[in-house]
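The values are calculated or read from the model by the stated rules, or taken from the named source; none is laboratory data. Given the structure is predicted, the values throughout are model-derived calculations rather than measurements. Glycine also receives a Cβ, built like all others from the backbone with ideal geometry; neighbour counts cover every protein chain displayed. The area values use the complete protein model at the heavy-atom level, side chains included, leaving out ligands, DNA and RNA. Shrake-Rupley method; radii C 1.70, N 1.55, O 1.52, S 1.80 Å.
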Amino acid sequence: MRLQAEWLNHPGTQILCTALEAAGHQALFVGGCVRNGLLDLPTADIDIATDAHPDKVIEVATAAGLKTIPTGIDHGTVTVIAKDLPHEVTTFRRDVETDGRRAVVAFAKTIEEDARRRDFTMNALYTDPRGQVIDPLGTGIPDLTARRLRFIEDPHQRIREDYLRILRFFRFHAFYADPEGGFDTDGLSACAELAEGIDGLSKERVGAEMLKLLGAADPAPAISSMAQTGVLARALPGADAKSLPLLIHAEGEAEVRPNAIRRLAALGGDTVKTALRLSNADAKRLAVLRTEMGAATMPGALGFHLGAQTAIDVLLLRAAVFEMPLDPDSIRCAHRGARQRFPIRAADLMEIGLEGPEIGHAMTLLTEAWISSDFKLDKPALLARLNG
């Protein structure tokens with residue numbers, strides 16, 4: 001099997017690989033760039049595995065005129081910038097000791113050792129600089145071809161090495177597995193049996209995985225399986241998966257892009273900001289969505305107060321949570337409300353003698369009247385209400 005991908009022929013990539021091979025070392029692309037390249041999906045990161053030790057990688061890259069950054073040199077990783085493109089170059093490794101959160105690694109000599117410490121078979125595929133695909137364990141190509149997600153060898157052992165792999169199992173299934181193929185039963189059973197290990201992970205790592213999963217085109221089957229195996233309760237206590245399929249259906253009807261925070265609002269959960277270590281911005285947006293989806297605010301008012309995108313998110317959530325059909329007119333009203341500009345300013349009220357708290361109170365009353373009129377009342381009509 002041969003890989004054809006635009007990044008493979010990038011001038012900087014080829015310069016780096018040529019330099020490593022000229023120095024007598026292997027330069028093999030590995031992981032996501034190979035997997036996505038074979039699936040004809042976009043590639044975000046370029047990872048290279050090599051038998052050269054980090055100091056040798058730096059020496060070879062520097063001699064080729066390339067910039068190096070020792071981003072993870074203690075674990076064998078050097079970032080090499082070649083023609084403005086970053087490459088993560090990591091020495092073949094094997095695990096010496098693991099505790100479920102982090103690993104003590106040693107440099108390995110063979111590609112087989114390096115492959116065995118990875119998580120899933122489809123992530124243990126390598127490609128040389130000419131595009132020749134290498135499957136050192138013999139399971140990666142058939143599993144990727146079938147869009148079948150499986151742990152490498154013993155699922156229990158892979159998970160005990162890093163319990164985050166439980167969450168990655170569900171995320172990768174949502175992104176890369178055949179949706180009609182179901183879950184690998186051995187992997188799913190191992191996730192259920194070892195779910196307690198999630199408790200020892202940092203909330204930042206759990207939150208990052210959950211948000212990535214919720215950004216998939218359709219994470220509902222994965223989230224449902226997480227709930228059934230007890231994994232969801234560990235990652236997000238109090239979450240309920242039942243509304244998520246309805247939300248995704250409503251999103252399709254409205255032709256909106258996936259949004260992790262919108263979907264997180266549908267899941268609910270206890271102390272979500274803390275459980276997932278959300279950023280302040282994400283936590284604030286989540287709070288707005290969860291508050292407004294249970295309120296009676298009309299679509300036009302939502303659009304005016306929150307903007308079109310957030311208003312539409314609220315309408316989608318209402319449709320899902322309350323199991324109602326999505327009303328296309330409500331979407332149009334939200335857009336219309338977002339385009340409106342309230343015709344009264346504080347200065348207008350000062351001119352008629354209002355001051356201090358009176359101004360704020362009047363602005364609130366007039367805004368409500370204006371919205372209730374379907375935005376039809378103009379400035380004179382609104383001010384007349386005060387005079388009356």
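Every helix of 4 or more DSSP H residues in the chain counts as -39500 (n - 2.57), and over all residues that averages to -15000 deg cm²/dmol at 222 nm.
Taking a ≥ b ≥ c as the square roots of the eigenvalues of the Cα gyration tensor, the chain is classed as prolate, since a/c reaches at least 1.5 and a/b is larger than b/c. Taken about its Cα centre, the stretch 148-216 carries a charge dipole of about 280 debye when Lys and Arg each add +1 at the Cβ and Asp and Glu each add -1 at the Cβ. Pairs of Cα atoms nearer than 8 Å and 6+ residues apart set the relative contact order; for the stretch 250-353 it is 28 percent.
Contact order for the chain, expressed relative to its length and based on alpha carbon pairs under 8 Å spaced 6+ residues apart, stands at 9 percent. Once the Cα-Cα distance is subtracted from the 0.36 nm per residue extended length, the Asp84 to Leu386 segment shows a gain of 102.4 nm. Classification of the stretch 148-217 by its C-alpha gyration tensor yields an oblate form. The axis ratio a/c (a ≥ b ≥ c) is 1.5 or more, and b/c is at least a/b. Loop-located GluC sites (Glu not before Pro) in the stretch 308-388 (DSSP state other than H, G, I, E, B) with a sparse environment of at most 11 neighbouring Cβ atoms within 10 Å: Glu323, Glu355. Rounded to whole Hz and in sequence order, give me ³J(HN,Hα) for the stretch 224-235 from the Karplus expression 6.51 cos²θ - 1.76 cosθ + 1.60, θ = phi - 60°, writing x for Gly and Pro. Working through the residues one at a time gives 4, 5, 4, 5, 5, 8, x, 6, 4, 5, 6, 7 Hz.
Taking amide H as placed 1.01 Å from N in the peptide plane, the amide H of Ile134 sits under 5 Å from that of Tyr126, Thr127, Asp128, each at least 5 places away or on another chain.
Sparsely packed loop sites in the stretch 1-103 (the trypsin sites (Lys or Arg not before Pro) outside DSSP H, G, I, E and B with at most 15 other Cβ atoms within 10 Å) comprise Lys83, Arg101, Arg102.
Of the residues Ala347, Val133, Met226, the one whose Cα sits farthest toward the positive end of the charge dipole of the chain, with +1 on the Cβ of Lys and Arg and -1 on the Cβ of Asp and Glu, is Ala347. Excluding same-chain neighbours fewer than eight residues apart, the lysines reachable from Lys273 by a Cα-Cα span under 19 Å are Lys203, Lys212, Lys284. A DSSP coil position with no more than 11 other Cβ atoms inside 10 Å describes the following trypsin sites (Lys or Arg not before Pro) in the stretch 116-164: Arg130.
In this structure the chain gives 48 Å² per residue of accessible area when probed at 1.4 Å with all protein chains present.
Here's the list of lysines a cross-link from Lys109 could span, going by alpha-carbon distance under 22 Å and ignoring same-chain residues fewer than 8 apart: Lys56. Ordering Phe322, Leu289, Leu383 by the projection of their Cα atoms onto the charge dipole of the chain, which places +1 on the Cβ of Lys and Arg and -1 on the Cβ of Asp and Glu, puts Leu383 at the extreme positive end. For the chain, the carbon plus sulfur part of the accessible surface works out to 51%, probe radius 1.4 Å. Can you classify the stretch 1-133 as rounded, prolate or oblate using the Cα gyration tensor, where a ≥ b ≥ c are the square roots of its eigenvalues, rounded means a/c under 1.5, and otherwise it's prolate if a/b beats b/c and oblate if not? It is oblate, given that a/c is not under 1.5 and a/b is not larger than b/c.
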